[in-house]
Every structure is written in C-alpha cells, then in structure tokens.
Amino acid sequence: MTPQLKFDFTFPRNYEVKILEAAPLAHPLEKLYHYPAELEEGDRSGVYLRVVSKHGLAWSGFFALGFESDQVVNAVCSCPDPDSLCAVVGGYAYVVKAADPAEWLRVEQRPVMEMRALREQDALLFIGFTTISALDRAGLAWTSERLSWEGVAITEISGQKLRGMGWDALTDKQVSFEVDLRTGRHTGGARPGDQPEHS
C-alpha cells in the first residue's frame, strides 16, 4: 500500500519535490537514497520522491513506511530551514537536507499523529501519542517530556505558548497542559509515575 501524501509548503523552500510512482531508473548523475539508510525486513513499503535542490544535483529517495493507517500523518512539507524537506510516511517523519541528502534525521514520534507548521514561531511541530517535538531552522529543537498517558490534543497556540489536553489514567480524565514553544518545557499534563503535587 502506498499512502496518499499531502503537500504543505507553508515555509519557503530552495528545492522542488515530486512523488514518483515507482523506483527511479538508474541514472549516473542521480543517486537513490534510502531512509532509514539501513532498511530492515519490514521496510519494503514506502514512497519514492524526486528532489531537485537549487544548490545541488537532483536525487531520489525511498522513505520507508511506518504504519499502514489513515490515522497517522502522510505528508511532504517544507521546514523552517529552506534547504530541508520533511517526508512523513505512515507516521514516520524524515527530515533531509535537499542539497545534501546524506544529512538527515528521523523524528522521535513514531507515529506522528498530527503536524503543525507554525510560520509565526518558525517551527514545525510533530505531535505523537504522548509527546511533542519541534523542528526549527537549526534542526530538532526539543522534544517535550511526556504530556499524557496516551493521546495529545492541541487546543490553542498563542505566541510562544501551546495549550492542549492529555489523558490521566489515574483519574480517567482529560487534563490540560501548556508547553513553551521556545524550550519544550511544560506545566500540567499527566504521565505514568506522576505523584500528586504538594504545596
């Protein structure tokens, strides 16, 4: 199964990217890269993309599928760094330098359940089941501590604050949290091992 990818070019970019229907034909000037570089047995499904950077040669990439589900993110998007692209395939997010495809990283959330491109804050957010990660111009800026036993819902983003809800298994209730978008530090939320606060 090949997931349907959505495109989101909220941030300016220094490359063009398109989806290929199948593996590209061998080309002496266009190398094929694999993400992750060491494919495992289960990494045979995925998506082929062709990227043409304004600063380098064209190349193709195979991005391994995480989960076969329409509940996870499947997207190609620009990043705060105009020379980086992000491909999320079956909830697995890969961030690659368009002019140097050997330079890449895989985002911690597996799977990514939601993404938010924040132009004003110059950040790309990856929301998982229990944590949130942020990508800025320099790369992966932070990953929050656990915000929920399971399930994170963003309710508001205002300035440098993100507010949301997470599930507390001990009380079987949704609890609010707030994350500082500059640092990833949070207040509120719930996670295994939390003790009641004493004043």
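The values are calculated or read from the model by the stated rules, or taken from the named source; none is laboratory data. The structure displayed is predicted, hence computed values, not measured ones. A quick note on method: Cβ atoms are made from the backbone with ideal geometry, for glycine too, and the neighbour counts reach across all protein chains shown. Calculation scope for accessible area: heavy atoms of the full protein, side chains included, ligands and nucleic acids excluded. Shrake-Rupley method; radii C 1.70, N 1.55, O 1.52, S 1.80 Å.
Extending 7 Å from Cα along the Cβ direction at Asp8 and again at Glu103 yields two label points whose distance is 2.4 nm. Computed over the range 47-199, relative contact order equals 13 percent, with contacts defined as Cα pairs under 8 Å that lie 6+ residues apart. Treating r as the C-beta distance of Leu32 and Arg137 and R0 as 25 Å, the FRET efficiency rounds to 0.35. DSSP beta bridges confined to the chain are antiparallel in about 90 percent of cases.
Extension gain, Ser158 to Glu120: 0.36 nm times the residue separation minus the Cα-Cα distance gives 12.7 nm. Every Cα-Cα pair of the range 133-180 was included, and the share exceeding 14 Å stands at 55 percent.
Here the accessible area of the chain is 48 percent carbon and sulfur, with a 1.4 angstrom probe and all protein chains present. Bridgeable lysines around Lys31 (alpha carbons under 19 Å apart, same-chain partners fewer than 8 residues away excluded): Lys18, Lys54, Lys97. Since only Ala123, Val89, Pro3 are under comparison, the one whose Cα sits farthest along the positive direction of the charge dipole of the chain, derived from C-beta charges on Lys, Arg, Asp and Glu, is Ala123.
For the pair Asp70 and Ala23, a Förster radius of 22 Å applied to the C-beta separation gives a FRET efficiency near 0.35, rounded to the nearest 0.05. Counting only protein heavy atoms and a 1.4 Å probe, the chain has 54 square angstrom of accessible area per residue.
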